[in-house]
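**Q** Supplied in structure tokens, the structure appears directly below.
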Amino acid sequence: ESADEAAMMKGVVVCGIATVASGFSLISPMAVRPSGNSIAHRGVRTMCREGGLQLRMAELTGIDKAKQLAGYKAVDDFVKSGMVVGLGTGSTAAFAVERVGQKLKSGELKDIICIPTSIATETQAKGLGIPLCTLNEKSRLDVAIDGADAVDPNLALIKGGGGALLREKMVEVMADKFICIVDDSKLVKGLGPSFALPVEITPFCHEHTMRLVAGLKEVAGCTATLRMGKVSTGAKKDGDDIAVTDNGNYIVDLAFKEPIKDVRAAATALKNTVGVVDHGLFVDMTYQCIVATPAGTTRVAGEGGEAIWW
């Protein structure tokens, strides 16, 4: 292939990786063309340009637009040049990663290094040219940005719908500021009923560990289910094989009909159970929660924000 063709294919790969990680998909083969060509495609817009190519994706609407709004604001407000930044995992966090990549490319951000919390985030970040390291190289972070599956009035979170809860917690607990980004559908009065609580366990004797977890008085009333199929789709079964995390572990999802009575006690009891690697309760970690609304605005809870409104 020619040098021009190679450059064009590089553009497809780089943009495509970021696209998939962000939850988008290519519309059709007609969506990619050399930049000199004009393409009319109703309801799409140019999102990425690399190596003389244009990548077009569906215009964001509704909940995805809200997620983008929260992700972009978190980066604009908290990420500065020279920082060490934790990059979260999931459909909302992908927009924060995207924004970091944009600001690095424009030169607005310089000399930052980021720590991804999953293989998917690592792939997206590499595709955007974001410098990466691990906790082995940098044990302290200036800021970490990630989404959540549920947020209560104390800014305690349920996380792990995407299956990355262990790496997320390891990274985010080491950040001076952990910024949670969500749309307002994730705000709840009590954790448990709106989203099953993920618990990462070792594969060894996993049925035994499931029984121990389900029998804890601190999570009384829960129904424990082994996650099957894709690890990134929460408690929804979408396959017959046991879901496996990036760390080679399994996930048990605890479904509740009533809110967890004592979140801190539940977190402690789960962590102290032999066979449990970690759990999706993130307690006393959130510095600020940026909430995107259907009206296209954001509200902020936590440090420097308004009083809890839900």
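**Q** With a 1.4 Å probe and every protein chain kept in, tell me what percent of the accessible surface of region 106-160 is carbon plus sulfur.
**A** 48
**Q** Also, I was wondering about something else. In region 249-292, which residues have a backbone nitrogen under 12 Å from the label point lying 7 Å from T223's Cα in the Cα-to-Cβ direction?
**A** Inside the label zone: 254-258.
**Q** What is the set of long-range amide H partners of D246 at a cut-off below 5 Å, with H atoms built 1.01 Å from backbone N?
**A** When sequence neighbours closer than 5 places are left aside, there are no close amide H contacts.
**Q** May I ask you to give the average projected area over all directions of the convex hull of the Cα atoms of region 210-292, in nm² rounded to one decimal?
**A** Projected area, direction-averaged: 6.9 nm².
**Q** Once region 157-228 is represented by equal point scatterers at the alpha-carbon sites, with solvent omitted, what log10 I(q)/I(0) does the Debye formula produce at q = 0.23 Å⁻¹?
**A** Treating every Cα as an identical point scatterer, log10 I(q)/I(0) equals -1.23.
**Q** Another question, then. Heavy-atom accessible area per residue, region 159-200, 1.4 Å probe: how many Å²? Could the numbers behind the result be given before it?
**A** Values: 1280 Å² over 42 residues.
Averaged over the residues of region 159-200, the accessible area is 30 Å².
**Q** Counting heavy atoms of the protein chains only and a 1.4 Å probe, report the per residue accessible area for region 207-277 as a whole number of Å².
**A** That works out to 57 Å² for each residue.
**Q** Averaged over every viewing direction, what's the projected area of the C-alpha convex hull for region 86-150? Give it in nm², one decimal, please.
**A** Taking the Cα atoms of region 86-150, their convex hull projects to 4.5 nm² on average.
**Q** While we're on this one: With a point put 7 Å past each Cα toward its Cβ, work out how far L212 is from D76 in nm, to one decimal.
**A** For the pair L212/D76, the computed spacing is 4.8 nm.
**Q** Provide, as a two-decimal number, the C-alpha radius of gyration of region 198-244 over 2.2 N^0.38 Å, N being how many residues it has. Mind dumping the intermediate values first?
**A** Numbers: Rg = 11.1 Å, N = 47, 2.2 N^0.38 = 9.5 Å.
Region 198-244 yields a ratio of 1.17.
**Q** Separate question: Need one number: nm distance between label points at K105 and N247, each 7 Å from Cα along Cα→Cβ, rounded to one decimal.
**A** 3.3
**Q** What does the charge count around E122 come to, taking other residues whose C-beta lies under 11 Å from its C-beta (Lys +1, Arg +1, Asp -1, Glu -1)?
**A** On the way: positive: K126, R167; negative: D246.
After counting each charged neighbour, the total is +1.
**Q** Starting from the amide H of G86, placed 1.01 Å from N in the peptide plane, find each other amide H under 5 Å away whose residue is 5 or more places distant or on another chain.
**A** For G86, the qualifying residues are I115, V143, A144, I145.
**Q** Now for a different question. Once the Cα atoms of region 124-203 are picked out, what are the Rg and Dmax in Å?
**A** When restricted to Cα atoms, region 124-203 yields Rg and Dmax of 14.2, 40 Å.
The values are calculated or read from the model by the stated rules, or taken from the named source; none is laboratory data. As the structure is a prediction and not an experimental result, all values here were calculated from the model. Note that we place each Cβ from the backbone using ideal geometry, even for glycine, and neighbour counts take in every protein chain shown. Surface accessibility is based on the protein's heavy atoms, side chains included, excluding ligands, DNA and RNA. Shrake-Rupley method; radii C 1.70, N 1.55, O 1.52, S 1.80 Å.
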